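Chemist: What follows is a structure written as structure tokens; I'll ask about it next.
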Amino acid sequence: MTDSRDRMEFDVLFVGGGPANLAGAIHLMNMARKKGLELEVCIIEKGSTIGSHSLSGAILDPVALKELMPDYIEKGCPIESAECKDSFYYLTPTSSFCMPFMPKYMNNEGMNNEGYFIISLSKFTAWLGEIAEGMGVNIFPGFPGTEVLYDPGHTRVLGVATGDNGVNKDGKHKPNFEQGIDLIAKATVLGEGPKGSLIRNVGQKMGIFNGKMPQVFETAIKEVIELPEDSPFMASDTTVVHSFGYPLGLNTKGGSFLYKMKDNMISLGLVIGLDYEDPALEPYEAFLQYKKHPLIADIIKDGKVLQQGAKTLSAGGLYTIPQLSVDGALFVGDSASMLNIQRLKGVHTAMKSGMLAAEAIISAVEKNDFTRNTLASYDASFEESWIRDELYEARNFTQAMAKKIIPMAIHLGAQYVTGGRGIKDPLKIEPDSSTLKKLTSKQAEMIDNRTKEEVDGKLHIDKLTGVYLSGTQHEEDQPCHLIIHDLDICSTQCYQLYRSPCTRFCPGEVYEIKKDETSNKIQLKLNPSNCLHCKTCEIKDPFKNITWTCPEGGGGPGYSIV
Ligand code: SF4
């Protein structure tokens, strides 16, 4: 924090315009209104609009929404399909087998009689944003929080600094230069989504992840496809198709989802655990293979991709949740690992975490005490909440899924009958950056001579067309937001040991390897303007050589229906 920068002061600052912070802000305003409290509340969001960076598997368990807003139907909640009729398949390369029973956590036909429904997360968050704004919340899209502001001893969070705009590639000011602002708040709520850059910094300074298991993630590549008017799938009863097996096999964590939406559209995607071991695996190619599987090809026949995107999900669950509050700040949603990967759902838990944080903030306002003494009531209410109960049952799930097929089946079976405890509790897990195996010479040869899946530009598209259909835009002339700490590692060790896996795990074709014809020297080239902000590279890089930072405000994807 410097004296030369502009500053704005708020009672409460929410960083990130996702479901956790939006639900938190709405709940906070509701409670403040009832208690006659006047609060200055602000949400900043790095995307150009609320919803433009929201992407997720999107069957909503409405338990938190009903608590927040019992009249959500009257308020126009955007619902794509009010019915969830499940089917669950095991796929081999050429066949599919419908599972005779649905694991209880995969059942979407209304666990707890809540009546689940299918949403587009980008439309849903845009709707929540309108409601929050209508209640007096100041919403600033296009403002990335780039730095946490602390007191001199780093014992208290004071707020967040937004990034500068109008800086060129060399770090020089352009004519349109605008300096970022220091946003100061009594309470700052970090809800940046998975692998947040600010919570990473709080972790380093204030130790909130100390003693926890490493955070682990999955990457989802997702599309919305428009089907023809006479599509048999649209006329069928089925609205939800989940699968496992092909193309990942049984030793790589992951699976697929396909949901029916409005207006002859479907949303489908492949989710891949980032603890995969095979350095030759290319998630995007696996996604194309999944779409060409006979079961899926039949459903999407004659369709056209309308939008594509990619995002990581926090998969670690209960044992990876950090300390939830410090002096001046609270941590919610995927940033705090609240997603239930066993159910492939995190919107309801994110919303509830935001609401619990809001309740602690109201107590802090009433006591005029924003230290952890008061804010830790959020940590305590989380322990008493249904989120904790739900995540407790899934506490060893992701660890079991990381194992090979036989031990995985044994662990999952034991967890199923013991309410999540299983054979060992807690089961350990490795960070995703440490799981990639070194290439064999056969794999290196295979990668060097690989031919890509065929695309037709309509139903099957390449990565660059996918970037285009994600609506991703960045100012070209700005400092690269992907920090490569040591380029020598890329051209020597990483290329030799793994054949530059960033060129395969990045779904945006941001990373390219160039070989100098005469010297044979390998060089990494970056195309940062293609970045989908999924953060896979920071998570999976085996040398931890990549740090993702926020680019200039408003840059990134422009999701509207995924
Ligand atoms: Fe995702 Fe990193 Fe590629 Fe951007 S550069 S799309 S964050 S993997």
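Chemist: Can you pull the three principal axis extents for the Cα set of the range 379-518, in Å, largest first?
Modeler: Here the spans come out as 61, 40, 38 Å, largest first.
Chemist: Expressed as a whole percentage, what fraction of the accessible surface of the chain belongs to carbon and sulfur atoms when a 1.4 Å probe is rolled over the protein heavy atoms?
Modeler: Within the chain, the accessible surface is 50 percent carbon and sulfur.
Chemist: Using the heavy atoms of the protein chains and a 1.4 angstrom probe, tell me the accessible area per residue for the chain in square angstrom.
Modeler: 41
Chemist: Go through the range 37-96 and name the GluC sites (Glu not before Pro) that are in a DSSP coil and have 13 or fewer other Cβ atoms within 10 Å of their Cβ.
Modeler: Answer by residue number: GLU38, GLU74.
Chemist: Could you calculate, for the range 62-107, the ratio of the Cα radius of gyration to the Kirkwood radius, expressed as Rg to Rh?
Modeler: The Rg/Rh ratio comes out at 1.20.
Chemist: Can you tell me which lysines have their Cα less than 19 Å from the Cα of LYS169? Leave out same-chain residues fewer than eight positions away.
Modeler: The reachable lysines, counting only those whose Cα sits under 19 Å from LYS169, are LYS525.
Chemist: Under a point-charge model restricted to the Cβ atoms of Lys and Arg (+1) and Asp and Glu (-1), what is the dipole moment magnitude of the range 483-562 relative to its Cα centre, in debye to the nearest 20?
Modeler: About 220 debye.
Chemist: Could the peptides 440-449, 476-485 be put in order, highest first, of the mean number of other beta-carbon atoms found within 10 Å of their residues?
Modeler: 476-485, 440-449
Chemist: Moving on to the next point. If the only charges are +1 at each Lys and Arg Cβ and -1 at each Asp and Glu Cβ, what is the size of the charge dipole of the range 437-548 around the Cα centre, to the nearest 20 debye?
Modeler: Approximately 540 debye in magnitude.
Chemist: To the nearest µm²/s, what D does Stokes-Einstein give for the range 102-261 at 37 °C and 0.692 mPa s, using the Kirkwood radius over alpha carbon pairs as Rh?
Modeler: 157
Chemist: Each label point is 7 Å from the Cα along the Cα-to-Cβ direction; what then is the distance between the points at GLU229 and ALA297, in nm?
Modeler: Once both label points are built, they end up 2.7 nm from each other.
Chemist: Quickly work out the GLN493-to-SER4 label distance, labels modelled 7 Å from Cα along the C-beta direction, and quote it in nm with one decimal.
Modeler: Simple spin-label model gives 3.8 nm for this pair.
Chemist: Once you keep just the Cα pairs under 8 angstrom separated by 6 or more residues, what percentage relative contact order results for the chain?
Modeler: The normalised contact order for the chain reaches 20 percent.
Chemist: At R0 = 35 Å, how high is the FRET efficiency between ASP389 and PHE543 if r is their beta carbon distance? Nearest 0.05 is fine.
Modeler: Using R0 = 35 Å, I get an efficiency of 0.35.
Chemist: If you take the Cα Rg of the range 46-155 and divide it by 2.2 N^0.38 Å, with N the number of residues, what do you get?
Modeler: 1.47
Chemist: Could you tell me which of the pairs LYS222/LYS345; LYS66/LYS212; LYS403/LYS514 are separated by over 24 angstrom between their Cα atoms in the structure shown?
Modeler: Beyond 24 Å: LYS66/LYS212; LYS403/LYS514.
Chemist: Relative contact order (percent) for the range 437-548, with alpha-carbon contacts under 8 angstrom and 6 or more residues of separation?
Modeler: Relative contact order for the range 437-548 comes out at 29 percent.
Chemist: Figure the gain on full extension for ASN520 and GLU453 (residue separation times 0.36 nm, minus the Cα-Cα span) and round it to one decimal in nm.
Modeler: Gain on stretching ASN520 to GLU453: 21.4 nm.
Chemist: Using modelled backbone amide H atoms (1.01 Å from N, in-plane), which distant-in-sequence or interchain residues come within less than 5 Å of LEU149's amide H?
Modeler: LEU158, GLY159, VAL160, ALA161
Chemist: Next question, about the same structure. Give the Debye-formula value of log10 I(q)/I(0) at each listed q (0.09, 0.12, 0.21, 0.22 Å⁻¹), with one equal scatterer per alpha carbon of the range 437-548, two decimals each.
Modeler: Calculated log10 I(q)/I(0) at the listed q: -0.26, -0.47, -1.29, -1.36.
Chemist: Same structure again: Give the long-range amide H neighbours of LEU60: residues separated by 5 or more places, or on another chain, with amide H under 5 Å away, using H modelled in the peptide plane at 1.01 Å from N.
Modeler: Answer set, sorted by chain and number: PHE117, ILE118, ILE119.
Chemist: So what is the 222 nm mean residue ellipticity for the chain from helices alone, if each DSSP H run of at least 4 adds -39500 (n - 2.57) and you divide by all residues, rounding to the nearest 500 deg cm²/dmol?
Modeler: Mean residue ellipticity, 222 nm, calculated: -7500 deg cm²/dmol.
Chemist: For VAL167, enumerate residues with amide H under 5 Å from its amide H, sequence gap 5+ or separate chain, H modeled in the peptide plane.
Modeler: LYS174
Chemist: Further question on the same structure: With a cap of 15 neighbouring Cβ atoms within 10 Å, and only residues DSSP puts in a loop, list the GluC sites (Glu not before Pro) found in the range 261-368.
Modeler: GLU277
Chemist: Go through the range 489-498 residue by residue and turn each phi into a ³J(HN,Hα) via Karplus (6.51, -1.76, 1.60, θ = phi - 60°); whole Hz please, and just put x for glycine and proline.
Modeler: Rounded to whole hertz, the list is 4, 4, 7, 10, 4, 5, 5, 5, 7, 10.
Chemist: Then there's this: How big is the convex hull of the Cα atoms of the chain, per residue, in Å³?
Modeler: Expressed per residue, the convex hull around the Cα atoms of the chain is 158 Å³.
Chemist: Another question, if that's okay. If we sort 541-550, 117-126, 185-194 on the protection proxy, mean other Cβ atoms within 10 Å, highest first, what's the order?
Modeler: Those peptides, ordered most packed to least, come out 185-194, 117-126, 541-550.
Chemist: Which entries in the list LYS85/LYS463; LYS174/LYS544; LYS253/LYS404 go over 21 Å, if you measure between the two C-alpha atoms of each?
Modeler: Beyond 21 Å between Cα atoms: LYS85/LYS463; LYS174/LYS544.
Chemist: Lys/Arg Cβ at +1, Asp/Glu Cβ at -1, dipole of the chain taken about the Cα centre: which of MET401, ALA336, HIS53 is farthest positive-ward?
Modeler: Farthest towards the positive end: MET401.
Chemist: Work from the charge dipole of the range 429-550 (Cβ charges, +1 for Lys and Arg, -1 for Asp and Glu, about the Cα centre) and give the residue of ILE447, SER470, GLY508 farthest towards its positive end.
Modeler: ILE447
Chemist: In whole Hz, what ³J(HN,Hα) sequence does the range 27-38 give by Karplus (6.51, -1.76, 1.60; θ = phi - 60°), x for Gly and Pro?
Modeler: 4, 4, 5, 4, 5, 4, 4, 4, 8, x, 9, 9
Chemist: Check each of the chymotrypsin sites (Phe, Trp or Tyr not before Pro) in the range 30-114 and keep only those in coil by DSSP with at most 11 other C-beta atoms within 10 angstrom; list them in order.
Modeler: PHE101
Chemist: Using each residue's phi in the range 413-427, evaluate 6.51 cos²θ - 1.76 cosθ + 1.60 at θ = phi - 60° and report the 3J(HN,Hα) Karplus result to the nearest Hz, with x for Gly and Pro.
Modeler: Here the 3J(HN,Hα) series is x, 5, 5, 4, 8, 10, x, x, 5, x, 7, 9, 9, x, 7 Hz.
Chemist: Using only alpha carbons, build the gyration tensor for the range 196-280 and give me the equivalent ellipsoid semi-axes, biggest first, whole Å.
Modeler: 36, 18, 10
Chemist: I want to check the label-to-label distance for GLU130 and LYS66. Put each point 7 Å from Cα in the C-beta direction and report it in nm to one decimal.
Modeler: 2.4
Chemist: Dipole size in debye (nearest 20) for the chain around its Cα centre, Lys and Arg Cβ +1, Asp and Glu Cβ -1?
Modeler: 1380
The values are calculated or read from the model by the stated rules, or taken from the named source; none is laboratory data. This one's a predicted model, so the numbers in the text were calculated from it and none came from an experiment. Here Cβ is always computed from backbone atoms with ideal geometry, including for glycine, and neighbour counts include all displayed protein chains. Calculation scope for accessible area: heavy atoms of the full protein, side chains included, ligands and nucleic acids excluded. Shrake-Rupley method; radii C 1.70, N 1.55, O 1.52, S 1.80 Å.
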